[in-house]
Amino acid sequence: MNSKTNIIAKIGIVTVSDRASRGEYQDLGGPAIHDWLAGVLVSGWEAVSIVIPDDKAILENTLVKLCDIEKCCLVITTGGTGPAKRDITPEVTEAVCDKILYGFGELMRSISLKFVPTAILSRQIAGIRQQSLIINLPGKPAAISDCLNAVFPAVPCCIDLLEGPYLQTDEKILKAFRPG
Amino acid sequence: MNSKTNIIAKIGIVTVSDRASRGEYQDLGGPAIHDWLAGVLVSGWEAVSIVIPDDKAILENTLVKLCDIEKCCLVITTGGTGPAKRDITPEVTEAVCDKILYGFGELMRSISLKFVPTAILSRQIAGIRQQSLIINLPGKPAAISDCLNAVFPAVPCCIDLLEGPYLQTDEKILKAFRPG
Amino acid sequence: MNSKTNIIAKIGIVTVSDRASRGEYQDLGGPAIHDWLAGVLVSGWEAVSIVIPDDKAILENTLVKLCDIEKCCLVITTGGTGPAKRDITPEVTEAVCDKILYGFGELMRSISLKFVPTAILSRQIAGIRQQSLIINLPGKPAAISDCLNAVFPAVPCCIDLLEGPYLQTDEKILKAFRPG
C-alpha cells in the first residue's frame with residue numbers, strides 16, 4: 001500500500017443550503033457529519049467546514065478548492081440533492097469529478113428506501129477528483145448517519161487506492177474493509 | 001408548500017411503439033397506465049394520451065410539447081426501453097431533461113428483477129424537465145403496475161417540490177408519502 | 001426471433017491489467033471467464049482472448065475491433081473498474097457504446113455487496129455497441145463467477161434482441177430466460 005500512515009487526513013464538510021447560508025436556520029447537516037466522523041475515526045484528522053448557498057459556481061469553486069488547494073482526501077456534502085430547481089449538488093459534483101462511483105448513490109438510496117419512499121427523489125452521487133473522494137449526502141440529519149453507516153466501510157480502502165492517508169476506524173463502531 | 005390544490009393535474013401518457021402506432025396491434029400499455037391512475041388518484045386529473053412510433057425526433061417533440069405547451073406535471077411513457085436498435089426512449093428522455101432521478105430506474109429494475117431476470121435489459125429512467133416529471137415504464141402491461149406501485153408513493157411529493165398541482169391518492173390503495 | 005441458431009458465437013474475453021500484460025503475474029481473470037462460459041454454454045462458441053494494459057487507446061481499439069471486425073456478439077472484460085488512476089475500463093466502455101444497460105452494473109454491485117463492502121468501489125457497466133453486448137467484470141476471479149451467475153440469465157435474450165446467434169445454456173447449471 002502507498003497509503004501514508006502519519007499524515008493528518010483533511011476532510012471537507014460542505015453544507016449546501018440557501019437558508020443555512022443566509023442564517024435563516026441553523027446548519028444541522030454539517031455538524032451531524034462532523035459528529036459522526038468524530039465518533040468513528042481513531043486516526044488523526046481535521047475538518048474543513050463550510051456553509052454555502054445552492055449556487056453552481058460557488059459549489060464548484062468550493063469543491064475544487066477543497067480538493068486541489070486544501071488537499072482534502074475526502075469531501076462530504078449535505079443538501080441540494082433533491083428534484084427542486086435550486087438543487088444542483090449532484091450535477092456540480094459530476095462536473096468536477098474524473099470518475100463517478102455509481103455504487104455509492106445506489107447503496108445510499110436503497111438504504112434510505114427502507115425508511116422513506118421518497119428516497120428515490122435523492123440524486124446523490126459520489127466521485128473522484130484526482131486524489132479526493134467526494135460524497136453527496138442528503139440534507140436531513142437523520143439520513144446522514146444512515147448513509148454514512150452504509151458507505152463508510154468502503155471509504156478507507158478507496159482512499160488507500162487514491163494513495164491518500166491511512167484512515168483508521170474504531171472497529172467496535174464501524175469496521176473498515178480492506179481486501180487482503 | 002407552493003403546491004396548488006385546486007388545479008386539475010394534466011398527465012401525459014405516451015405509448016412508444018412502431019407496431020401500435022401503425023395499428024398492427026392494439027396499444028395495451030397506454031390504457032394500462034390510464035386505468036392504474038384512475039384507480040389510485042382521487043384529486044382531479046385529466047389524461048393527454050398519445051401513441052407514437054419509436055422515432056427520436058417524434059418522441060422528443062412529443063415530450064417537449066407535453067411538458068412545455070400542455071403543462072403536464074407528469075408524463076409517463078411505455079415502451080422503447082430495451083436494448084434493440086429501435087429502442088430510444090431513455091436516451092430521448094435524458095436529452096430533454098434538466099435532471100435525472102437515478103433512483104426511479106434503480107427501484108423499478110430491482111422490483112422487476114423479482115419477476116424476470118431480463119429486467120436488467122430495461123434502460124428505463126426518470127427525470128425532470130422544468131416543472132414536469134417524466135417517468136419511463138417498460139412496454140409490458142404486467143410490468144407497468146409493478147413499477148407504478150413501487151415508485152408512485154414518491155411522485156406527489158416530487159410534484160410538490162416542482163410547485164405543481166397537489167395530487168391525492170386513495171390511501172386504501174396507495175399511500176403518497178410527504179415528509180412532515 | 002431473428003436469432004441465428006447455426007452460427008458459432010464469437011465471444012471476446014479481455015483482461016485489462018498493466019501487470020498481467022507485462023507478465024508480472026499470471027492472468028487469472030480471463031481464464032476464469034473462459035472456464036465459466038465453457039461450463040455453461042452448450043451451443044457452439046469460440047473465444048477471442050486478449051490481455052492488454054490499462055491504457056485508454058489500447059482498450060478502445062480492442063473493444064472496437066472485437067465488436068466491428070471480429071463480430072463478437074458478446075465481449076466480457078475483467079479488470080480496471082476500480083477508483084484508482086489507471087482504472088479506465090468503464091469510461092472506455094461507455095465511450096464505445098451506443099446504449100448503456102444500467103441494470104447490469106446495479107445488479108452486479110448489489111450481488112458483490114453481499115460479500116464485500118468495497119463492492120461500491122467497482123464502477124463496472126455494460127452496454128451495447130451496434131450488435132455486440134459488452135460487459136465489464138471486476139478483476140478478482142472470485143467475483144467473476146458471482147457476477148456472471150447474476151447477469152447471464154438475461155444475456156441470451158439480449159443477444160436475440162440484437163439479432164445475434166442463439167446462445168443455449170446447460171439448464172441444469174444456468175437457465176437462460178427468454179420471455180414467451
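Where a number appears in this text, it was derived from the coordinates with a stated rule and is not lab data. For clarity, every value in this text was computed on a predicted model and none was experimentally measured. So basically every Cβ, Gly included, is an ideal-geometry build from the backbone, and we count neighbours across all protein chains shown.
Would you list the membrane-span-like helices of chain B, meaning whole DSSP H runs whose alpha-carbon atoms span at least 15 Å along their axis and whose mean Kyte-Doolittle value is at least 0.0? Don't skip to the end; give the middle numbers.
On the way: long enough: B:29-40 (17 Å, 0.47); B:102-112 (16 Å, 0.12); B:141-151 (16 Å, 1.00).
Sorted by number, the helices that extend far enough and score high enough are B:29-40, B:102-112, B:141-151.
If amide H atoms are built 1.01 Å from N in the plane of the peptide, which residues on other chains or at least 5 residues away come under 5 Å of the amide H of B:LYS99?
Those qualifying (amide H under 5 Å, at least 5 residues apart or on another chain) are B:ILE128.
Using θ = phi - 60° and the Karplus curve 6.51 cos²θ - 1.76 cosθ + 1.60, what whole-Hz ³J(HN,Hα) does each residue of the stretch B:123-136 get, with Gly and Pro shown as x?
Per residue, the Karplus-derived 3J(HN,Hα) values read 9, 4, 10, 9, x, 10, 10, 6, 10, 10, 9, 10, 10, 8 Hz.
Looking only at chain B, where both bridge partners belong to it, what percent of the DSSP beta bridges are antiparallel (to the nearest 5)? Spell out each step's value before the answer.
On the way: 7 of 26 bridges.
Around 25 percent antiparallel, to the nearest 5.
Counting partner chain Cβ atoms within 10 Å of every residue's Cβ in B:83-89, what's the average?
Working: counts 14, 7, 8, 0, 3, 1, 0.
Neighbouring Cβ atoms belonging to other protein chains average 5 per residue here.
How far, in nm to one decimal, is A:TYR25 from itself in the other copies if the label point is set 7 angstrom along Cα toward Cβ? Shortest first, please.
5.0, 5.1
Need one value for B:159-166: mean number of C-beta atoms belonging to other chains within 10 Å of its residues' C-beta atoms.
Values: counts 1, 2, 7, 3, 2, 0, 0, 0.
That works out to 2 on average.
Report Rg (one decimal) and Dmax (nearest whole number) for the protein assembly as shown, counting Cα atoms only, units Å.
Computed over the Cα atoms of the protein assembly as shown, radius of gyration and Dmax are 23.6, 71 Å.
Taking H as built 1.01 Å from N, whose amide H comes closer than 5 Å to the amide H of B:ASP54, not counting residues under 5 places away?
B:SER17, B:ASP18
Are there trypsin sites (Lys or Arg not before Pro) in the stretch A:87-180 that DSSP marks as loop and that have at most 15 other Cβ atoms within 10 Å, and which are they? Each step should come with its number before you reach the end.
Details: sites: A:LYS99, A:ARG109, A:LYS114, A:ARG123, A:ARG129, A:LYS172, A:LYS175; in loops: A:LYS114, A:ARG123, A:LYS172, A:LYS175.
Passing both the DSSP loop test and the Cβ count: A:LYS114, A:LYS172, A:LYS175.
Would you compute, from DSSP H runs of 4+ residues alone, the mean residue ellipticity of the protein assembly as shown at 222 nm, taking -39500 (n - 2.57) per run and dividing by the full residue count, rounded to the nearest 500? Walk me through the numbers before you get to the answer.
Working: 21 runs with 186 residues, N = 540.
So the helix-based figure for the protein assembly as shown works out to -9500 deg cm²/dmol.
Suppose R0 equals 35 Å; then what is the FRET efficiency for A:ALA142 and C:SER145 from their Cβ-Cβ distance, rounded to the nearest 0.05?
Working: r = 39 Å, r/R0 = 1.11.
Efficiency, from the Cβ-Cβ distance: 0.35.
If you filter the stretch A:42-116 for chymotrypsin sites (Phe, Trp or Tyr not before Pro), then keep DSSP loop positions with at most 16 other Cβ within 10 Å, what is left?
Details: sites: A:TRP45, A:TYR102, A:PHE104, A:PHE115; in loops: A:PHE115.
Taking the stretch A:42-116 and a limit of 16 other Cβ atoms within 10 Å, the loop chymotrypsin sites (Phe, Trp or Tyr not before Pro) found are A:PHE115.
Measuring label to label, 7 Å along Cα→Cβ, what does B:SER49 give against each other copy in nm, shortest first?
Copy-to-copy label distances at B:SER49, shortest first: 5.6, 5.6 nm.
How large is the translational diffusion coefficient of chain B in µm² per second when you combine the Kirkwood radius over alpha carbon pairs with Stokes-Einstein at 25 °C and 0.890 mPa s? If you can, show how the numbers build up before the last one.
On the way: Rh = 16.1 Å.
Answer, rounded: 152 µm²/s.
Whose amide H sits under 5 Å from the amide H of B:THR77, counting only residues 5 or more places off or on another chain, with H placed in the peptide plane?
Residues meeting the criterion, in which the H sits 1.01 Å from N, are B:VAL14, B:ILE135, B:ASN136, B:LEU137.
Report the one residue of C:VAL51, C:GLY12, C:PRO179 whose Cα lies farthest in the direction of the positive end of the charge dipole of chain C (charges on C-beta: Lys and Arg +1, Asp and Glu -1; origin at the Cα centre).
C:PRO179
Treating only the Cβ atoms of Lys and Arg (+1) and Asp and Glu (-1) as charged, compute the dipole magnitude of the protein assembly as shown about its Cα centre; round to the nearest 20 debye. Could the numbers behind the result be given before it?
Details: 54 positive and 60 negative charges, 105 e Å.
Value, rounded to 20: 500 debye.
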